[in-house]
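The values are calculated or read from the model by the stated rules, or taken from the named source; none is laboratory data. None of these values were measured; they are calculated from a predicted model. Positions of Cβ are generated from backbone atoms using ideal geometry, with glycine treated the same way; all protein chains shown enter the neighbour counts. The accessibility values were calculated without ligands, DNA or RNA, using every heavy atom of the protein model including side chains. Shrake-Rupley method; radii C 1.70, N 1.55, O 1.52, S 1.80 Å.
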Amino acid sequence: MTTMAPDAGTQDDAAYEAQFNAAVAAEERIEPRDWMPDAYRASLVRQIAQHAHSEIIGMQPEANWITRAPSLRRKAILMAKVQDEAGHGLYLYSAAETLGTSRDELLDRLHAGRQKYSSIFNYPTLTWADVGAIGWLVDGAAITNQVPLCRCSYGPYARAMVRICKEESFHQRQGYELLLALSKGTEAQHAMAQDAVNRWWWPSLMMFGPPDDESAHSAQSMAWRIKRHSNDELRQRFVDICVPQAESLGLTLPDPDLTWDEERGHYAFGPIDWDEFREVLRGNGPCNEQRINQRRTAHEEGAWVREAATAYATKQAERSRHGYRAPQDQQQGDTQEEDIA
Ligand code: FAQ
């Protein structure tokens with residue numbers, strides 16, 4: 001879309017809003033400098049920030065197992081995955097910054113408990129199999145939710161999601177492969193995999209958010225084409241994908257009501273414990289306090305890194321203003337010429 005934010009007062013807000021609505025309806029992308037309703041901007045900042053916070057807090061449960069991974073291969077894979085989550089946080093904070101809210105401000109809101117992160121990361125990782133269950137179920141749920149976000153009406157968020165989804169897909173596969181190895185291993189390993197799936201299944205279904213009739217933002221977000229599907233639609237899609245995968249894994253999903261509904265062409269599933277979900281959102285999940293405390297500590301302990309990076313960037317900017325090039329920035333050819341001279 002090309003309607004720039006008004007600065008000459010040539011159109012009133014109603015005209016801009018009509019253009020904005022037409023662009024959204026025509027599946028055009030809204031870009032940072034385009035005019036947009038304040039509520040659209042605020043809702044995007046809310047969702048993108050919650051998403052970014054989830055990515056960085058989501059590093060904690062799995063990082064807990066890096067030092068105890070059972071082989072060098074598993075350790076390398078897990079380190080790469082956890083680093084990817086940090087990267088996802090960065091893309092998303094950057095996308096939020098294009099809407100005029102800085103990363104510092106968003107982190108302050110997270111640390112003060114004024115913004116949420118996904119409920120799923122308030123559960124503990126008790127065994128190595130939990131790393132597999134997170135990859136298979138949590139990343140699987142994340143992909144199901146996020147692939148449609150690649151078509152979100154806001155350009156920077158949609159573009160960030162393309163790369164994130166590719167990486168989440170690798171994460172999901174590593175989790176599946178890990179669980180498969182355990183499931184086909186010894187009896188004790190199989191039991192460990194089953195126990196992890198039993199604990200992560202229901203919280204994974206909660207990741208999709210409250211049921212549609214209780215979802216405060218869905219209707220507006222879908223009208224703005226931020227969200228493309230409702231929470232319940234995506235939850236159902238996820239269940240339908242998981243049932244055959246669980247069969248291939250040789251594991252059982254912990255729901256006695258899980259049956260194929262011929263008429264609807266979907267799996268029917270049992271009731272979700274929404275009281276548990278609400279409690280976790282209120283801060284009373286098993287690990288809420290631990291997660292936010294660890295996040296605050298990491299932020300405080302990382303202050304010197306941010307200061308050093310800022311000082312370095314200032315120095316580089318200063319030098320480039322004066323036309324000085326640091327030796328490491330010079331072309332290799334320059335250095336060779338100097339050497340010959
Ligand atoms: N947890 O009206 P709705 C990942 C809040 S990334 C906590 O339905 P909406 C990768 C919601 O914010 C996982 N809060 O809201 C990874 C709102 O609160 P507010 C994160 C939740 O926005 C893997 C209120 O409830 N993914 O896993 C949850 O239309 C492994 C009302 O709800 C995203 O954030 C919840 N589960 O729909 C990383 C994807 N559900 O803001 C590491 C992008 C709802 O009024 C390791 N986000 N709430 O205070 C979305 O698609 C949407 O925001 C939904 C919620 C679907 C999460």
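So, of the residues in region 99-120 that are open to solvent by 30 Å² or more (accessible area, probe 1.4 Å) and in a helix (DSSP H, G or I), which turns out to be nearest to the ligand (Cβ to nearest atom)?
Result: R109.
Quick check, is F269 in contact (Cβ under 8 Å) with a residue 12 or more places away in the chain, away from the ligand (no atom under 11 Å from the Cβ) and open to solvent by less than 20 Å² (accessible area, probe 1.4 Å)? Can you show your working first?
Values: in contact (Cβ under 8 Å) with a residue 12 or more places away in the chain: yes; away from the ligand (no atom under 11 Å from the Cβ): yes; open to solvent by less than 20 Å² (accessible area, probe 1.4 Å): no.
Against the criterion (in contact (Cβ under 8 Å) with a residue 12 or more places away in the chain, away from the ligand (no atom under 11 Å from the Cβ) and open to solvent by less than 20 Å² (accessible area, probe 1.4 Å)), F269 does not qualify.
Looking only at region 81-98, how many residues end up being closer than 11 Å to I48 by Cβ and open to solvent by 30 Å² or more (accessible area, probe 1.4 Å)?
Residues in region 81-98 being closer than 11 Å to I48 by Cβ and open to solvent by 30 Å² or more (accessible area, probe 1.4 Å): 4 in total.
Has region 183-193 got at least one residue that is touching a Ser or Thr at 6+ places or on another chain (Cβ under 6 Å), modelled with pLDDT of 95 or more, under 23 Å from W274 (Cα atoms) and not β-branched (V, I, T)?
No, every residue in region 183-193 fails to be touching a Ser or Thr at 6+ places or on another chain (Cβ under 6 Å), modelled with pLDDT of 95 or more, under 23 Å from W274 (Cα atoms) and not β-branched (V, I, T).
Can you tell me which residue within region 135-158, out of those that are touching a residue at least 40 places away in the same chain (Cβ under 8 Å) and open to solvent by 40 Å² or more (accessible area, probe 1.4 Å), is farthest from M222 (Cα to Cα)?
N145
Please go through (1) more than 22 Å from P61 (Cα to Cα); (2) within 16 Å of the ligand (Cβ to nearest atom) for F277 and return the number of the only condition it doesn't satisfy.
Unmet for F277, out of (1) more than 22 Å from P61 (Cα to Cα); (2) within 16 Å of the ligand (Cβ to nearest atom): (1).
Do you know which residues across region 62-98 are within 13 Å of the ligand (Cβ to nearest atom) and assigned to a loop (DSSP other than H, G, I, E, B)?
Within region 62-98, N64, W65 qualify.
Going residue by residue through region 68-80, is there one that turns out to be open to solvent by 30 Å² or more (accessible area, probe 1.4 Å), among the hydroxyl-bearing types (S, T, Y), farther than 24 Å from Q290 by Cα and more than 15 Å from the chain's Cα centre (by Cα)?
So far as region 68-80 goes, yes, one or more of its residues are open to solvent by 30 Å² or more (accessible area, probe 1.4 Å), among the hydroxyl-bearing types (S, T, Y), farther than 24 Å from Q290 by Cα and more than 15 Å from the chain's Cα centre (by Cα).
So which residues in region 280-302 are part of a helix (DSSP H, G or I), in contact (Cβ under 8 Å) with a residue 60 or more places away in the chain and within 15 Å of the ligand (Cβ to nearest atom)?
V280, L281, G283, N288, R291, I292, Q294, R295
Taking the conditions exactly as written (open to solvent by 60 Å² or more (accessible area, probe 1.4 Å), closer than 16 Å to R103 by Cβ and either away from the ligand (no atom under 16 Å from the Cβ) or not polar (S, T, N, Q) (or both)), does R29 satisfy them or not?
The answer is no for R29.
Conditions: (1) small (G, A, S); (2) open to solvent by 30 Å² or more (accessible area, probe 1.4 Å); (3) assigned to a helix (DSSP H, G or I). G132 meets all but one. Number of the miss?
Result: G132 passes all but (2).
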